[in-house]
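Participant: To start, I am sharing the structure in question, which I have written as structure tokens.
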Amino acid sequence: MAVQGIEWLLLTALFIFVMLFVYRFWRSRELDNAITRALIVIRSRGEVSVDELVVYGNIPPRNVYRVVDKLLQYGLVNVVEKEGKILYITGQDSMRTPDRELSEKRSSSIDKIEDMRTICSTCGHSNKPGARFCSRCGTRLEG
């Protein structure tokens, strides 16, 4: 039995919808991975320019400003200008300070993100901030 008329149109629309959903999911995962790599590079090198994020973090140039914007929104990095270059450094609490002061003020930026996440009471999975359902088991989250 051949697919005709409106059935063909509905199948085509369904296919396009599924492909857009997959593409959007893939792009969000790509951005999450790029944010993690950028934070690792910034923390390991101390101060980093955008060019260094692209080279050392292997972040695609099209995503580097989106990544930096997200890190700035979370308060994980600060912007400084040195010798005419804009540099990104780790947040105020983990800037280079004397060891005694550093040990008193040290609070990991990753912990800040984890504090914002919602933990599922059923499976213990850490979900994104504001999630209404667990991404692992589907249980409705309180909050």
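Participant: Just to be sure I understand the filter: pairs with C-beta atoms under 6 Å, separated by 6 or more residues or on different chains, first member in the range 10-35 and over 20 Å from Y65 (Cβ atoms) and loosely packed, with under 10 Cβ neighbours inside 10 Å, second member at pLDDT 85 or above and aliphatic (A, V, I, L, M). Which pairs pass?
Facilitator: Once the first residue is over 20 Å from Y65 (Cβ atoms) and loosely packed, with under 10 Cβ neighbours inside 10 Å and sits in the range 10-35, no partner that is at pLDDT 85 or above and aliphatic (A, V, I, L, M) comes close enough.
Participant: Within the range 52-64, identify whether any single residue is of a type in the set (S, T, N, Q), more than 14 Å from the chain's Cα centre (by Cα) and either in the same structural domain as T90 (by TED's automatic domain parsing) or under 17 Å from K128 (Cα atoms) (or both), and answer yes or no.
Facilitator: Step one: filter the range 52-64 for residues of a type in the set (S, T, N, Q), giving 58, 63.
Filter once more, so that each one left must be more than 14 Å from the chain's Cα centre (by Cα): 58.
Right, trim to either in the same structural domain as T90 (by TED's automatic domain parsing) or under 17 Å from K128 (Cα atoms) (or both) and you get 58.
For the range 52-64, residues of a type in the set (S, T, N, Q), more than 14 Å from the chain's Cα centre (by Cα) and either in the same structural domain as T90 (by TED's automatic domain parsing) or under 17 Å from K128 (Cα atoms) (or both): present.
Participant: In addition: Working only within the range 26-51, note down all residues that are over 10 Å from the mean Cα position of the chain (by Cα), of a type in the set (D, E) and assigned to a helix (DSSP H, G or I).
Facilitator: Going residue by residue through the range 26-51, those that are over 10 Å from the mean Cα position of the chain (by Cα) are 26-27, 40-51.
Narrowing the set further to residues that are of a type in the set (D, E) leaves 47, 51.
Result: D51, single match.
Participant: For the range 116-125, indicate whether the set of residues that are in a loop (DSSP other than H, G, I, E, B), modelled with pLDDT under 80 and more than 24 Å from F25 (Cα to Cα) is non-empty.
Facilitator: Checking the range 116-125: not a single residue is in a loop (DSSP other than H, G, I, E, B), modelled with pLDDT under 80 and more than 24 Å from F25 (Cα to Cα).
Participant: Quick one: in the range 49-85, which of the residues that are more than 23 Å from R29 (Cβ to Cβ) and surrounded by 15 or more Cβ atoms within 10 Å (Cβ to Cβ) is modelled with the lowest pLDDT?
Facilitator: Only one residue fits best here, namely N78.
The values are calculated or read from the model by the stated rules, or taken from the named source; none is laboratory data. Bear in mind that the values here come from a model prediction, so they are computed numbers and not experimental data. Cβ coordinates were reconstructed from backbone atoms using ideal geometry, including for glycine residues, and neighbour counts include every protein chain displayed.
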